[in-house]
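Peer 1: Below are the structure tokens for one structure; questions will follow.
Since every read-out is calculated from the coordinates, none of them should be taken as a lab result. The model shown is predicted, which means the values in this text are computed figures rather than measured ones. Don't worry about glycine lacking a Cβ; one is built from the backbone with ideal geometry, like all the others, and counts go over all protein chains shown.
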């Protein structure tokens, strides 16, 4: 079903299925404001479906459902198939980190009667989009005694929220002459967190009062910021959008929209011929580096561990397993926006309501940094989608000279496996609130499920 509007011919039964599925998705991204929380939520759902920690398993057999967590920021789900693992896996790989503001290690200061937190933006953002919004703070504070304090402030009705101020329009003559990337400086993305001075405190009394509240209410000292991971994100839940409620507006569609649909597809996969894998990773927005990014060896190590539990481990077998695998790099794409049509690639731009999107290559300009899926693999993907009645389309990431972007696809392709980018098209990508079609979200899950279960 190539490039057909899903809503146009949808039965009422299908419309109901789309709407119900997206209610669960809205809950997932409303709760999962950070990669750590996404892992917790994914784990909760997976264990309810019978998945077991690989470390608790001495032997693995066909049909077993296994998971492994890496440093609380990655989770891998593994359903053992009927064919030997070395013959190849079916992999869905998505990332669960999203653009945001990270609180620095020494962030709390007072200036002119306000207490503020200093931040460092994470990933590619338009800085001016983050001012004057209600903001929440989520993350962890790790204390010297080894305990961890979970922080979630700003999303409950009773919670305070936070804000980054902007200059009022009446005094903005100079500011409005600046280029968009200069209107708000990175060092000015400071979060306002208080204005009441502590009684009997002479110096930095407002800061002192905030520090007191942190200790009495949230259980940590100012010095503990140095061993904290605290993320500033938009406050509030994901919402249905439009008079017809056909879309979802929320924070973190990129890429939790593909993470959730991949997760559900993995949980639904039963009696698979080839071993099915869902891989949810961190650090994609900053280059996939580090111990929890896709450049790490944790995925390969996990495959090795599973093969050891099956009595089929060797270094060569692991290499063969990776090389013989096929993967969908489950990541979002850019949808055509009629207001900004000049940025779209004519005849090669995804559209809302036309299904899951395949990007033969991403990269930038002359395909720099892309994974260029070969024609044979694309033909296979076409067959899988059509055989399972999945609505699908192809896209580029806008006009060639406008820029570009990438996913984790090229990293897995380094093993020699077949990989193509595949996900949901968005408006407002990397903005505090992104927009997606409910029909496309539903179809993505269908497409991922079809990929995991096909018998080729």
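Peer 1: Over the chain, what is the percentage of antiparallel beta bridges among all DSSP beta bridges, to the nearest 5?
Peer 2: The answer is about 70 percent antiparallel.
Peer 1: Right, another one. Order 116-126, 7-17 from most to least packed using the mean count of other Cβ atoms within 10 Å.
Peer 2: 116-126, 7-17
Peer 1: If you take the alpha carbon radius of gyration of the range 1-150 and divide it by 2.2 N^0.38 Å, what ratio comes out, to two decimals?
Peer 2: 1.44
Peer 1: Sort 322, 429 by Cβ crowding within 10 Å, fewest neighbours at the top.
Peer 2: By the 10 Å Cβ count, ascending: 429, 322.
Peer 1: If I model a spin label at residue 83 and residue 289 as a point 7 Å from the Cα along the Cα→Cβ vector, what separation in nanometres do I get?
Peer 2: 3.7
Peer 1: Relative to the present Cα-Cα distance, how much length would full extension add between residue 173 and residue 30 at 0.36 nm per residue of separation?
Peer 2: Here the segment from residue 173 to residue 30 would lengthen by 47.7 nm.
Peer 1: Using mean Cβ contacts within 10 Å as the protection proxy, how do 416-423, 69-76, 343-350 order, highest first?
Peer 2: My ranking of the peptides, most packed first, is 416-423, 69-76, 343-350.
Peer 1: Could you tell me what a quarter of the Cα convex hull surface of the range 100-234 works out to, in nm² with one decimal place?
Peer 2: Directional mean of the projected Cα hull area for the range 100-234 stands at 9.4 nm².
Peer 1: Right, something else. To the nearest 0.05, how large is the calculated FRET efficiency for residue 243 and residue 61 if R₀ is 30 Å and r is the Cβ-Cβ distance?
Peer 2: That pair, residue 243 with residue 61, gives E of 0.05.
Peer 1: Gain in length, residue 400 to residue 300, computed as 0.36 nm per residue apart minus the alpha-carbon separation, to one decimal in nm?
Peer 2: That pair, residue 400 and residue 300, stretches by 32.6 nm at full extension.
Peer 1: Given contacts defined as C-alpha pairs under 8 Å and at least six residues apart, what's the relative contact order of the range 100-234, whole-number percent?
Peer 2: 39
Peer 1: Please give the peptides 302-315, 229-242 ranked by average Cβ packing (other Cβ atoms within 10 Å per residue), highest first, as a rough proxy for protection.
Peer 2: Order by mean packing, descending: 229-242, 302-315.
Peer 1: While we're looking at this one, here's another question. Angle, helix 12-31 long axis vs. longest principal axis of the chain, Cα atoms, 0 to 90°, nearest 10?
Peer 2: Value to nearest ten degrees: 50.
Peer 1: What's the angle, to the nearest 10 degrees (0 to 90), between helix 253-268's Cα axis and the longest principal axis of the chain?
Peer 2: 40
Peer 1: Taking only C-alpha pairs under 8 Å that are 6+ residues apart, what is the relative contact order of the chain in percent?
Peer 2: After rounding, I find 23 percent.
Peer 1: Still on this structure: Classify the range 1-62 from the C-alpha gyration tensor, please: rounded if a/c falls under 1.5, else prolate or oblate depending on whether a/b exceeds b/c.
Peer 2: prolate
Peer 1: Give the calculated FRET efficiency between residue 345 and residue 13 to the nearest 0.05, with a Förster radius of 41 Å applied to their Cβ-Cβ distance.
Peer 2: Plugging the Cβ-Cβ distance into 1/(1 + (r/R0)^6) gives 0.70.
Peer 1: Using 0.36 nm times the number of residues separating residue 268 and residue 181, minus their current alpha carbon distance, what extension gain do you get?
Peer 2: Extra length from residue 268 to residue 181 when fully extended: 26.9 nm.
Peer 1: Over the range 28-168, calculate the relative contact order: mean separation of alpha carbon pairs under 8 Å at least 6 apart, over the residue count, as a percent.
Peer 2: Once normalised by length, the contact order is 15 percent.
Peer 1: OK, next. What FRET efficiency comes out for the pair residue 49/residue 20, r = Cβ-Cβ distance, R0 = 25 Å, nearest 0.05?
Peer 2: Efficiency computed from Cβ-Cβ geometry: 0.85.
Peer 1: Something else: Can you give the % of DSSP beta bridges in the range 18-132 that are antiparallel, to the nearest 5?
Peer 2: Once the DSSP bridges in the range 18-132 are tallied, antiparallel ones form about 90 percent.
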